[in-house]
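Asks: The structure under discussion is supplied below as C-alpha coordinates; questions concerning it will follow.
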Amino acid sequence: MNKKFVKLISILTIAVLSLSAFTACNRGRSSEHKEIVTLITDDSIMDRYLKAVEGYEKVEYEQIALSYDRTDFLGPTDYTFRGIVYLTDEEASRIQEEYEWNEVTSPEFEFKEVNTSVIGEGPWYRCTEFEKDNCDVAMGSYKILFDGEILVFDMRQA
(Lines give C-alpha, C1' and ligand atoms only; values in the text may rest on other atoms or scores of the structure.)
Protein backbone atom coordinates (compact mmCIF):
# COMPACT_ATOMS: atom_id res chain seq x y z
CA MET A 1 0.00 0.00 0.00
CA ASN A 2 1.00 3.54 -0.60
CA LYS A 3 2.51 5.27 2.48
CA LYS A 4 0.44 8.42 1.89
CA PHE A 5 -2.75 6.35 1.75
CA VAL A 6 -1.90 4.56 5.02
CA LYS A 7 -1.11 7.89 6.68
CA LEU A 8 -4.41 9.38 5.47
CA ILE A 9 -6.38 6.38 6.74
CA SER A 10 -4.60 6.59 10.12
CA ILE A 11 -5.39 10.30 10.49
CA LEU A 12 -9.04 9.77 9.53
CA THR A 13 -9.34 6.85 11.98
CA ILE A 14 -7.91 8.95 14.82
CA ALA A 15 -10.28 11.81 13.96
CA VAL A 16 -13.33 9.52 13.92
CA LEU A 17 -12.33 7.87 17.22
CA SER A 18 -11.74 11.25 18.86
CA LEU A 19 -15.10 12.55 17.71
CA SER A 20 -16.83 9.38 18.92
CA ALA A 21 -15.20 9.65 22.33
CA PHE A 22 -16.18 13.32 22.65
CA THR A 23 -19.77 12.58 21.62
CA ALA A 24 -20.00 9.68 24.07
CA CYS A 25 -18.73 11.83 26.94
CA ASN A 26 -21.31 14.53 26.23
CA ARG A 27 -24.26 12.22 25.57
CA GLY A 28 -27.26 13.10 27.69
CA ARG A 29 -25.87 16.42 28.81
CA SER A 30 -28.06 19.40 28.38
CA SER A 31 -26.81 22.90 27.86
CA GLU A 32 -29.89 24.16 29.68
CA HIS A 33 -29.61 24.60 33.40
CA LYS A 34 -31.88 24.23 36.37
CA GLU A 35 -31.64 26.32 39.49
CA ILE A 36 -31.28 24.41 42.73
CA VAL A 37 -32.59 26.73 45.45
CA THR A 38 -31.94 26.07 49.14
CA LEU A 39 -33.60 28.24 51.79
CA ILE A 40 -31.20 29.00 54.64
CA THR A 41 -32.18 30.67 57.91
CA ASP A 42 -28.91 30.55 59.83
CA ASP A 43 -26.51 33.47 59.96
CA SER A 44 -23.49 31.78 58.36
CA ILE A 45 -23.51 34.23 55.46
CA MET A 46 -22.97 37.20 57.78
CA ASP A 47 -19.35 36.46 58.76
CA ARG A 48 -18.32 35.75 55.20
CA TYR A 49 -20.23 38.18 52.99
CA LEU A 50 -21.88 40.76 55.25
CA LYS A 51 -19.11 41.13 57.78
CA ALA A 52 -19.57 44.83 58.59
CA VAL A 53 -23.15 44.35 59.79
CA GLU A 54 -22.98 44.12 63.56
CA GLY A 55 -26.56 43.88 64.82
CA TYR A 56 -29.33 41.84 63.30
CA GLU A 57 -32.26 39.84 64.57
CA LYS A 58 -32.43 37.20 61.86
CA VAL A 59 -31.29 36.34 58.36
CA GLU A 60 -33.19 34.49 55.66
CA TYR A 61 -31.64 33.81 52.28
CA GLU A 62 -31.57 31.55 49.27
CA GLN A 63 -28.47 29.75 48.08
CA ILE A 64 -28.85 29.17 44.36
CA ALA A 65 -26.70 26.76 42.37
CA LEU A 66 -26.97 25.87 38.71
CA SER A 67 -27.33 22.26 37.61
CA TYR A 68 -26.82 21.07 34.06
CA ASP A 69 -28.27 17.58 34.70
CA ARG A 70 -24.81 16.05 34.65
CA THR A 71 -24.62 13.15 37.00
CA ASP A 72 -20.91 12.79 36.36
CA PHE A 73 -20.11 16.47 36.93
CA LEU A 74 -18.00 17.01 40.01
CA GLY A 75 -16.63 20.50 40.06
CA PRO A 76 -16.79 23.81 41.85
CA THR A 77 -20.05 25.67 41.81
CA ASP A 78 -20.49 29.41 41.96
CA TYR A 79 -23.47 30.35 44.09
CA THR A 80 -25.91 33.20 44.08
CA PHE A 81 -27.21 34.38 47.44
CA ARG A 82 -30.42 36.41 47.73
CA GLY A 83 -32.01 37.34 50.98
CA ILE A 84 -33.05 39.64 53.77
CA VAL A 85 -31.22 40.75 56.90
CA TYR A 86 -33.53 41.96 59.67
CA LEU A 87 -31.51 44.64 61.44
CA THR A 88 -31.80 45.71 65.06
CA ASP A 89 -33.01 49.32 65.49
CA GLU A 90 -29.56 50.31 66.73
CA GLU A 91 -27.78 48.78 63.73
CA ALA A 92 -30.21 50.35 61.27
CA SER A 93 -29.52 53.75 62.83
CA ARG A 94 -25.76 53.16 62.85
CA ILE A 95 -25.44 52.24 59.19
CA GLN A 96 -27.86 54.97 58.16
CA GLU A 97 -25.68 57.57 59.87
CA GLU A 98 -22.28 56.04 59.06
CA TYR A 99 -22.78 55.69 55.31
CA GLU A 100 -23.96 57.98 52.54
CA TRP A 101 -26.99 56.32 50.95
CA ASN A 102 -28.47 57.17 47.55
CA GLU A 103 -32.11 56.57 46.74
CA VAL A 104 -32.75 53.83 44.16
CA THR A 105 -35.72 51.91 42.79
CA SER A 106 -37.20 49.10 44.84
CA PRO A 107 -35.55 45.66 44.85
CA GLU A 108 -36.28 43.66 41.74
CA PHE A 109 -34.73 40.42 42.90
CA GLU A 110 -36.62 37.27 42.01
CA PHE A 111 -36.94 35.33 45.24
CA LYS A 112 -38.03 31.70 45.06
CA GLU A 113 -38.16 30.69 48.75
CA VAL A 114 -37.59 33.80 50.87
CA ASN A 115 -40.67 35.36 52.46
CA THR A 116 -40.92 38.74 50.72
CA SER A 117 -43.93 40.05 52.65
CA VAL A 118 -41.65 42.39 54.64
CA ILE A 119 -40.33 44.10 51.52
CA GLY A 120 -42.28 47.31 51.38
CA GLU A 121 -42.54 50.19 48.97
CA GLY A 122 -39.44 51.91 50.30
CA PRO A 123 -37.89 54.32 49.78
CA TRP A 124 -34.84 52.15 49.07
CA TYR A 125 -31.21 53.18 49.27
CA ARG A 126 -27.87 51.87 48.04
CA CYS A 127 -24.32 52.71 49.10
CA THR A 128 -21.28 51.45 47.20
CA GLU A 129 -19.03 52.09 50.21
CA PHE A 130 -21.27 49.93 52.40
CA GLU A 131 -21.16 47.19 49.76
CA LYS A 132 -17.35 47.36 49.61
CA ASP A 133 -17.11 47.14 53.41
CA ASN A 134 -19.31 44.07 53.44
CA CYS A 135 -18.84 41.98 50.35
CA ASP A 136 -16.02 39.51 50.14
CA VAL A 137 -13.64 39.81 47.21
CA ALA A 138 -14.90 36.43 45.96
CA MET A 139 -18.16 38.05 44.96
CA GLY A 140 -18.35 38.79 41.28
CA SER A 141 -21.37 41.04 41.59
CA TYR A 142 -23.44 42.27 44.46
CA LYS A 143 -26.23 44.61 45.31
CA ILE A 144 -27.36 45.50 48.82
CA LEU A 145 -30.40 47.72 49.34
CA PHE A 146 -31.53 49.31 52.60
CA ASP A 147 -34.95 50.72 53.53
CA GLY A 148 -34.06 51.97 57.01
CA GLU A 149 -34.99 48.68 58.71
CA ILE A 150 -33.88 45.73 56.58
CA LEU A 151 -31.17 44.91 54.07
CA VAL A 152 -32.08 43.06 50.89
CA PHE A 153 -29.18 41.53 48.99
CA ASP A 154 -28.32 39.75 45.76
CA MET A 155 -24.73 38.49 45.54
CA ARG A 156 -23.06 36.25 43.00
CA GLN A 157 -19.73 34.51 43.40
CA ALA A 158 -17.19 35.12 40.68
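The values are calculated or read from the model by the stated rules, or taken from the named source; none is laboratory data. For clarity, every value in this text was computed on a predicted model and none was experimentally measured. Positions of Cβ are backbone-derived with ideal geometry, glycine not excepted, and every protein chain shown enters the neighbour counts.
Asks: Restricting to region 28-50, name every residue that is under 24 Å from residue 87 (Cβ atoms), outside any helix (DSSP H, G or I) and either modelled with pLDDT under 90 or touching a helix residue (DSSP H, G or I) at 6+ places or on another chain (Cβ under 6 Å) (or both).
Replies: 50 - this is the single residue of region 28-50 that is under 24 Å from residue 87 (Cβ atoms), outside any helix (DSSP H, G or I) and either modelled with pLDDT under 90 or touching a helix residue (DSSP H, G or I) at 6+ places or on another chain (Cβ under 6 Å) (or both).
Asks: Can you report the number of residues in region 98-136 which are of a type in the set (Phe, Trp, Tyr) and touching a Lys or Arg at 6+ places or on another chain (Cβ under 8 Å)?
Replies: Summing the residues that are of a type in the set (Phe, Trp, Tyr) and touching a Lys or Arg at 6+ places or on another chain (Cβ under 8 Å) in region 98-136 gives 3.
Asks: Under the condition of being surrounded by fewer than 14 Cβ atoms within 10 Å (Cβ to Cβ) and without any contact (Cβ under 8 Å) to a residue 24 or more places away in the chain, which residue from region 129-148 is nearest to residue 88 (Cα to Cα)?
Replies: 132
Asks: Moving on to the next point. If I ask for residues that are at pLDDT 90 or above and assigned to a helix (DSSP H, G or I), which ones from region 110-158 would you list?
Replies: Within region 110-158, 128, 129, 130, 131 qualify.
Asks: Do we find a residue being within 21 Å of residue 43 (Cβ to Cβ), in contact with a strand residue (DSSP E or B) (Cβ under 6 Å, 6 or more places away or on another chain), hydrophobic (A, V, I, L, M, F, W, C) and part of a strand (DSSP E or B) anywhere in region 86-109?
Replies: yes
Asks: Out of the residues in region 98-114 that are closer than 25 Å to residue 77 by Cβ and not hydrophobic (A, V, I, L, M, F, W, C), which is surrounded by the most Cβ atoms within 10 Å (Cβ to Cβ)?
Replies: Residue satisfying both the conditions and the ranking: 107.
Asks: List pairs: first in region 87-116 and farther than 23 Å from residue 51 by Cβ, second of a type in the set (Ser, Thr, Tyr) and surrounded by 10 or more Cβ atoms within 10 Å (Cβ to Cβ), Cβ under 6 Å, 6+ apart or cross-chain?
Replies: 103/125
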